Amino acid sequence: MAAEGQTVSEYIIHHLTNLAYGKLPGGYVRDDGSVIPDGGMWTMAHSGAETSAMGFMAVHVDSMVWSIGLGLFFCWLFRRVAVHATSGVPSGVVNFAEMIIEFVDKTVKDTFHGRNPLVAPLALTILVWVWLMNLMDLIPVDIIPWVLMQFGVHFQKIVPSTDVNITMGMALGVFILMLFYSIKVKGVGFIKELTLNPFNHPVFIPVNLFMEVVGLLAKPFSLGLRLFGNMYAGEMIFILIAALYGAGIAWAGVAGLLQIGWAIFHILVITLQAFIFMVLTIVYLSMAHEDH
């Protein structure tokens with residue numbers, strides 16, 4: 001809920017601001033009135049304006065820490081499952097992990113039409129990692145930021161997939177793999193694919209190249225922005241519902257019911273978005289392996 005003396009607008013902006021580390025330019029006047037010395041200074045941002053002043057090189061520390069931490073948790077959990085797996089009837093976490101692996105394996109076999117041992121492990125990693133990042137959205141929006149505020153941490157976004165830098169970073173990784181395998185599998189055929197489709201005549205090469213390049217670039221943007229947009233909107237709704245708690249006791253009950261209802265529905269959203277990111281990755285890599 002909104003802190004005392006904080007407007008709803010300030011509350012929303014605060015919860016949507018990342019904890020950023022970067023270099024403030026020399027002469028910049030900070031919120032506390034201090035002036036950055038000549039040559040600039042590397043520091044933590046204390047406001048969204050300071051983050052903007054840091055420019056492109058500002059690092060969203062919270063997104064990096066949570067995403068890497070969840071990735072390490074995924075690796076530890078599945079390694080533990082692999083170590084404890086037996087030939088007998090699985091139970092508990094082992095059974096759940098095996099169900100996910102079998103589901104991913106079947107999806108890859110049905111969708112991917114090439115031969116590449118990297119695709120299935122990559123699909124599994126994407127599905128579970130993105131799902132874990134999305135799952136953080138179900139933690140009440142005020143708990144972790146409030147706890148860290150007691151230690152002097154001004155901002156904290158705990159849902160990495162609501163940061164466009166994270167989602168576009170993953171999409172860029174998939175895009176690089178697409179280009180790599182397109183060149184490796186198709187060779188010169190990849191150039192022909194870009195220049196002689198859909199009109200198979202030299203005079204249409206500029207038109208074909210423009211259309212194919214736009215279509216190629218649209219893949220990573222659609223992949224990253226779809227996940228970011230859905231998760232950012234979901235987080236925004238949670239924040240708006242949380243802001244109702246500050247409107248008085250009469251609204252607290254309504255806010256509680258809305259929060260529970262949206263959380264239940266959001267379980268489907270976070271799972272669906274992880275699945276879509278995985279499937280599109282498999283499809284794009286399958287297209288990169290299709291040699292006509």
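The values are calculated or read from the model by the stated rules, or taken from the named source; none is laboratory data. Since this is a predicted model, take the numbers as computed values, not measurements. Cβ atoms come from the backbone with ideal geometry, glycine included; neighbour counts cover every protein chain shown.
In table form, for the structure just shown:
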| read-out | value |
| --- | --- |
| Selected residue [buried (at least 18 other Cβ atoms within 10 Å of the Cβ), modelled with pLDDT of 85 or more and not acidic (Asp, Glu)] from GLY69, GLY26, GLY22 | GLY22 |
| Among the residues listed as LEU244, LEU227, the single one being closer than 19 Å to SER161 by Cα, assigned to a helix (DSSP H, G or I) and not polar (S, T, N, Q) | LEU227 |
| Filter result (of a type in the set (Val, Ile, Thr), within 16 Å of the chain's Cα centre (by Cα) and surrounded by 17 or more Cβ atoms within 10 Å (Cβ to Cβ)) within region 224-270 | ILE270 |
| PHE74, sole failed condition from (1) at pLDDT 90 or above; (2) touching an Asp or Glu at 6+ places or on another chain (Cβ under 8 Å) | (2) |
| Within region 176-210, tally of residues that are touching a helix residue (DSSP H, G or I) at 6+ places or on another chain (Cβ under 6 Å) and in contact (Cβ under 8 Å) with a residue 60 or more places away in the chain | 3 |
| Given (1) acidic (Asp, Glu); (2) modelled with pLDDT under 85; (3) part of a helix (DSSP H, G or I), index of the condition GLU290 fails | (3) |
| Answer from VAL141, VAL185, VAL147, VAL153 - the residue that is of a type in the set (Val, Ile, Thr), in a loop (DSSP other than H, G, I, E, B) and over 18 Å from the mean Cα position of the chain (by Cα) | VAL153 |
| Residue that is of a type outside the set (Ser, Thr, Tyr), without any contact (Cβ under 8 Å) to a residue 40 or more places away in the chain and in a helix (DSSP H, G or I), where the choices are ILE101, ILE126 | ILE101 |
| From the options THR51, THR17, THR86, THR7, residue that is without any contact (Cβ under 8 Å) to a residue 40 or more places away in the chain, within 19 Å of GLN156 (Cβ to Cβ) and among the hydroxyl-bearing types (Ser, Thr, Tyr) | THR51 |
